[in-house]
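Presented below is the structure to which this report refers.
The values are calculated or read from the model by the stated rules, or taken from the named source; none is laboratory data. Just so it is clear, the model here is predicted, and its values are computed rather than measured. When we count neighbours, we look across all protein chains shown, and the Cβ atoms used for this are built from the backbone with ideal geometry, even at glycine.
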Amino acid sequence: MLAYVAKRLVLVAPVVLAVALVCFLLVHIAPGDPLVSVLPPDASAELAEQMRRAYGFDRPLPVQFAMWVWNALHGNLGTSIATGRSVVEEVSRAVGNTLRLACVAAFLGFVFGLLFGFLAGYFRGGVIDRLVTTIAITGVSMPHYWLGMVLVIIFSVQLGWLPAVGAGPGGWAWDWEHVTHMILPAVTMSVIPMGLVTRTVRALVGDLLSQEFVLALRAKGLSKVRIFVHVAKNAAPTILAVLGLQLGYLFGGSILIETVFSWPGTGFLLNSAIFQRDLPLLQGTILVLALFFVLLNLVVDILQAAIDPRIKRS
Amino acid sequence: MSAIADDIVRVAVVEKARGYWTDVGRRLVGDPVSVVCAGVLLLIMAGAIFAPYLGLADPYQGSMIRRLRPLGTAGYPLGTDELGRDMLSRLVHGGRLSLLIGLVPVGLAFVIGTTLGIIAGYVGGLLNQAIMRVVDVFYAFPAVLLAIAISGALGAGIVNSVLSLTIIFIPPVVRVAESVTTSVRGLDFVDAARASGAGPLTIMRVHVLGNVLGPIFVYATSLISVCMIFGAGLSFLGLGTKPPEPEWGLMLNTLRTAIYVNPWVAALPGVMIFTVSICFNLLSDGMRSAMDVRD
């Protein structure tokens, strides 16, 4: 097992480097001089040249990349152009809000997705199956930012039960007021993973039930509950992979939901970075989110290998 | 002798293919859900294409005195938006850009991704490694984050939206194309074609393409719904087209403040995105099951 973990760790290094390269290049595919947003419009050519040297933009690209990676490794992702605070500070303030929201949404989505998926897989072709399949396809086809608006219309505007925007006053606490702020965004966010998990689990369970080992277990006279345990065990590695991927999508893809609900997380940060053309902040936020995603995939791979010994050998 | 053998193989493939696709078509028409979805989509597309000739109100002409009329107002069956423009007309016209953003990236990614995937799968070796490792890098990002990042860096605009969406949909298509090609490559008829002297390009074009295109196509159709949602999402964030252009995602964005005045009119553009997205999903599912049945 330790050898497998070591191997995976070695393999992840080039991926991390490539991710850093993509984030670095983002600033350079941006049209125009990256200094435009820093310099006053009437800046002299001399001042522009001075700034270019100060930011290192006069060096060749590979050198700039190496410098950027070196600084990033030392916890320095540059300074936000809009606020003047360090990017690391901005991101670390926002990332907690995103993680909290994504984890609650993932929990909701996974619980219902697994429940629906197993039900539909077991009772394939029946009324439950049809109902669940409809819910699942609605979930994956839903523009979730629109669902967020509709939920705000129903529960905030019409009924006045829940707050429409923000994460509540002051810092986060697990009290009633803050939790009410989280209900709508978390429910909205959970819909897509719910749909995808349902579809995957349904197909998987249906497949497994038609395999010969299930027939053998039945012939052996095993109870339905015991057979379910066998099926669940066989489905676990695939389900784990899907859950990991979905959790990662929630971390990285929350920008639309956070915009709808003005949730003060990384998505909201990204949104303001884009509109103020704050490229260091954009670059830094995306790097942090992508590294989270890579790390999550790594953890899922290792967990999978721990559950399923066949993976280690291949 | 080899020419004859090649002919026999080709004839056999063509005949089988024709019969197969006729069967698929018959099964698809026999599925009521697929037929209804195809009908709805055709209606929306026809509306988008012929929008200027349908005698609708001018989608750009606003009026300060009739802003945010509710549904069912005389003369404005679907109400008016925040600038007093006719919603029905804007929703029908909005299909032009919204469908464009939903379909063009998937189409481009299908062409580019299939080409790269077939080459990687057929040639194998170092070239395969080179293509697939680059694809892996894109899998290290959540797709929607990457699309927003590229769009955000390039700046707002419809061309940049299409470009960023194309980039995120190429990697999954390459993976699917590579894996089907790899599985087809080892089959007897490819060996037969190679033995009869066909070059790699001919084999890829004639023997491989015909056998892998179906599965890749079905996979690509399942991406359309995602692309519709992401594309409208980019516009919703202000990264797509600019006002006053009618586009569903952008309309949803500009109507956001109107939810306190006239909530159900504000939700209408989302209904369109949802309808198109779910129809494409159901149609793609219908196609998948119509094609999976092989005797």
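Residue count for the stretch A:94-146 under the criterion of being more than 21 Å from residue A:269 (Cα to Cα) and of a type in the set (S, T, N, Q): the result is 4. The lone criterion from (1) within 30 Å of residue A:225 (Cα to Cα); (2) at pLDDT below 90 left unmet by residue A:194 is number (2). Restricted to the stretch B:183-295, the set of helices (runs of 4 or more DSSP H) holding at least 3 residues that are within 12 Å of chain A (Cβ to nearest Cβ) and out of contact with any strand residue (DSSP E or B) (no Cβ under 8 Å at 6 or more places or on another chain) comprises B:209-236, B:248-254, B:263-292. Given the condition more than 27 Å from residue A:240 (Cβ to Cβ), surrounded by 15 or more Cβ atoms within 10 Å (Cβ to Cβ) and modelled with pLDDT under 85, answer yes or no: does some residue in the stretch A:168-175 qualify? Yes. The set of residues in the stretch A:112-139 that are within 14 Å of chain B (Cβ to nearest Cβ), crowded, with 22+ Cβ neighbours inside 10 Å and under 18 Å from residue A:257 (Cβ atoms) contains only A:139. Note on the stretch A:255-270: residues that are buried (at least 19 other Cβ atoms within 10 Å of the Cβ), over 16 Å from the mean Cα position of the chain (by Cα) and not aliphatic (A, V, I, L, M) amount to 1. Mind listing whichever residues of the stretch A:106-136 are free of Cβ contacts under 8 Å to residues at least 60 places away in the same chain and within 21 Å of residue B:229 (Cβ to Cβ)? Listed by number, the list holds a single entry, A:134.
Taking the criterion of being surrounded by 13 or more Cβ atoms within 10 Å (Cβ to Cβ) and modelled with pLDDT under 85, the residues of the stretch B:30-63 that qualify are B:51, B:56, B:57, B:59, B:60, B:62.
Can residue A:206 be described as in a helix (DSSP H, G or I), of a type outside the set (Val, Ile, Thr), in contact with a helix residue (DSSP H, G or I) (Cβ under 9 Å, 6 or more places away or on another chain) and closer than 24 Å to residue A:307 by Cβ? Judged against the criteria, residue A:206 is a match.
Looking at residue A:53, is it part of a helix (DSSP H, G or I), over 26 Å from residue A:252 (Cβ atoms) and at pLDDT below 85? Yes.
Within the stretch A:286-302, not a single residue is over 23 Å from the mean Cα position of the chain (by Cα) and not hydroxyl-bearing (Ser, Thr, Tyr).
For residue A:268, state whether it is of a type in the set (Phe, Trp, Tyr), more than 20 Å from residue A:98 (Cα to Cα) and either more than 10 Å from chain B (Cβ to nearest Cβ) or not in a helix (DSSP H, G or I) (or both). Criteria not met by residue A:268. Note on the stretch A:251-265: among residues that are among the hydroxyl-bearing types (Ser, Thr, Tyr) and not in a helix (DSSP H, G or I), the one that is farthest from the other protein chains (Cβ to nearest Cβ) is A:262. In the set A:224, A:220, A:233, only one residue is surrounded by fewer than 20 Cβ atoms within 10 Å (Cβ to Cβ) and over 30 Å from residue A:133 (Cβ atoms); that residue is A:220.
Here's the yes/no breakdown for (1) in contact (Cβ under 8 Å) with a residue 24 or more places away in the chain; (2) in contact with a Ser or Thr (Cβ under 8 Å, 6 or more places away or on another chain); (3) surrounded by fewer than 22 Cβ atoms within 10 Å (Cβ to Cβ); (4) over 30 Å from residue B:66 (Cα atoms):
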{"position": "B:201", "(1), (2), (3), (4)": "no, no, yes, yes"}
{"position": "B:218", "(1), (2), (3), (4)": "yes, yes, yes, yes"}
{"position": "B:227", "(1), (2), (3), (4)": "yes, no, no, yes"}
{"position": "B:245", "(1), (2), (3), (4)": "yes, no, yes, no"}
{"position": "B:251", "(1), (2), (3), (4)": "yes, no, no, no"}
{"position": "B:267", "(1), (2), (3), (4)": "no, no, yes, no"}
{"position": "B:272", "(1), (2), (3), (4)": "yes, yes, no, no"}
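Spot the failing condition for residue A:222; the list is (1) part of a helix (DSSP H, G or I); (2) more than 10 Å from every other protein chain (Cβ to nearest Cβ), and only one is missed. Unmet for residue A:222, out of (1) part of a helix (DSSP H, G or I); (2) more than 10 Å from every other protein chain (Cβ to nearest Cβ): (1). Select from the stretch A:271-299 the residues that are in contact with a Leu (Cβ under 6 Å, 6 or more places away or on another chain) and more than 11 Å from every other protein chain (Cβ to nearest Cβ) and list them in ascending order. A:284, the sole residue that qualifies. Counting only helices (runs of 4 or more DSSP H) that sit wholly inside the stretch B:75-157, those with at least 1 residues that are without any contact (Cβ under 8 Å) to a residue 24 or more places away in the chain, away from chain A (no Cβ under 11 Å) and closer than 28 Å to residue A:295 by Cα are B:125-138.
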